[in-house]
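Worksheet for the structure shown next.
The values are calculated or read from the model by the stated rules, or taken from the named source; none is laboratory data. Just so it is clear, the structure is predicted and the values come from calculations on it, not from any experiment. Glycine also receives a Cβ, built like all others from the backbone with ideal geometry; neighbour counts cover every protein chain displayed. All accessible areas refer to the heavy atoms of the entire protein, side chains included, with ligands and DNA or RNA removed. Shrake-Rupley method; radii C 1.70, N 1.55, O 1.52, S 1.80 Å.
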Amino acid sequence: SAKSGGRGSFRFFEPELDRLLQARRSLERDMRSALANGEFELHYQPFIHVASGETCGFEALLRWHHPQRGMVSPAQFISLAEETGLIVPLGEWVLRTACAEAAKWPDDLKIAINLSPVQFRSPELVPVIVHALASAGISPKRLELEVTETAIIQDSEAVFTALSQLHDLGVRIALDDFGTGYSSLSFLQKFPFDKVKIDRSFVSELSGATDESRRIARAIVRFAVSLGKTTTAEGVETREQLDILRADACVEVQGFHFSPPVQSEKVAQMIGGRTPAAAERPTVRLAMAG
Ligand code: C2E
Ligand code: MG
Ligand code: MG
Ligand code: MG
């Protein structure tokens, strides 16, 4: 501890900081065994085509069921996994698990997977993705990779090379959390994005408290739509937000108004027991609340 004063201890730290560091070290230790112990799980949240009401696919979102702490949210462990490099094996597990899950769905449904900037530093990223697709037996066209502007800024060349290779294979690329980063228009043009996901902070402001915040949010939505890519609004929680997004020609929506992230068994129910072998033209619908 901070008081013991032995060699290598951090005597100069404030007790609070010392406590935080200890907590991080213990979380890090636990995370190292969590993958082997099967404590991670993926939940899946649908994204929905506004005009038809059809489900386009599901985004995989990581959950950690810690034996003592209970549920630990990604906000608490992703950045630690990035700092320790554990995100690389963890991210590989996510890719394999999510692709295997999607293999059980009708093949018009996409699987969206979040990638950390750190994963792009591994030369194995593209082969790992190709292998995950091949062993699940799903087409690259069904995979959507979500990257944030932070990833692009941190390691622009490596990210550009990997995303271009993947895009050439038919994988779709989405820019996540749009509006929160620093991407210039030239980034948006240079990178092979198929989709822009408008950050939840703007979507919630669509029905926000002040005229000004509502105007800014709507301008962000219209700007995203004007780029001519598929636009997905994240974090849609109300009918009012949906109506504004529809009026502004946003293509897809995702959020608690439709469904929270759900377990794999629930996905099976939502898609109505249809299997990949189903021959008829797929019409997957979710009840549009409201
Ligand atoms: P994200 O990719 O932007 O995911 C959207 C987050 O918003 C998810 O939080 C989702 O549960 C939440 N959300 C969805 N709809 C609503 C809504 O209507 N209202 C509100 N309040 N929240 C909504 P979650 O699952 O806690 O994930 C947080 C972030 O952690 C993700 O943001 C993503 O950046 C990261 N993450 C999650 N899973 C993975 C993963 O497998 N790999 C990597 N690298 N990052 C991941
Ligand atoms: Mg995402
Ligand atoms: Mg997002
Ligand atoms: Mg986010």
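Summary table below
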read-out: Long pairs among Lys104/Lys229; Lys141/Lys266; Lys141/Lys195; Lys110/Lys266, criterion Cα-Cα beyond 18 Å; value: Lys104/Lys229; Lys141/Lys266
read-out: Length added when fully stretched, Ala134-Met71, from 0.36 nm per residue minus Cα-Cα; value: 19.5 nm
read-out: Tensor-based shape of the range 198-257 (alpha-carbon gyration tensor, a/c under 1.5 rounded, otherwise prolate or oblate); value: oblate
read-out: Carbon plus sulfur fraction of accessible area for the chain, probe 1.4 Å, in percent; value: 54
read-out: Rg over Rh, two decimals, the range 107-160 (C-alpha only, Kirkwood Rh); value: 1.00
read-out: The chain: calculated mean residue ellipticity at 222 nm from DSSP helix runs of at least 4, using -39500 (n - 2.57); value: -13000 deg cm²/dmol
read-out: The range 123-209 - accessible surface per residue (Å², probe 1.4 Å); value: 44
read-out: Alpha carbon Rg of the chain, scaled by the compact-globule rule 2.2 N^0.38 Å; value: 1.08
read-out: Globularity index of the range 28-138, i.e. its alpha-carbon radius of gyration over 2.2 N^0.38 Å; value: 1.13
read-out: Cut-off 14 Å between beta-carbons: net charge of the residues surrounding Val251, Lys and Arg +1, Asp and Glu -1; value: +1
read-out: Anisotropy class of the range 66-204 from Cα gyration tensor, a/c 1.5 cut; value: rounded
read-out: Loop-located trypsin sites (Lys or Arg not before Pro) in the range 28-95 whose Cβ has at most 16 other Cβ within 10 Å (DSSP); value: Arg69
read-out: Whether the range 136-206 is rounded, prolate or oblate, judged on the alpha carbon gyration tensor where a/c under 1.5 counts as rounded; value: oblate
read-out: At least 24 Å along the helix axis (C-alpha) and Kyte average at least 1.6, DSSP helices within the chain; value: none
read-out: Cβ-defined net charge surrounding His167, 15 Å radius [Lys, Arg +1; Asp, Glu -1]; value: +3
read-out: Net charge contributed by nearby residues that have their C-beta within less than 14 Å of Ser79 (K/R +1, D/E -1); value: -2
read-out: Value of relative contact order over the chain, rounded to a whole percent, pairs C-alpha under 8 Å and six or more apart; value: 18
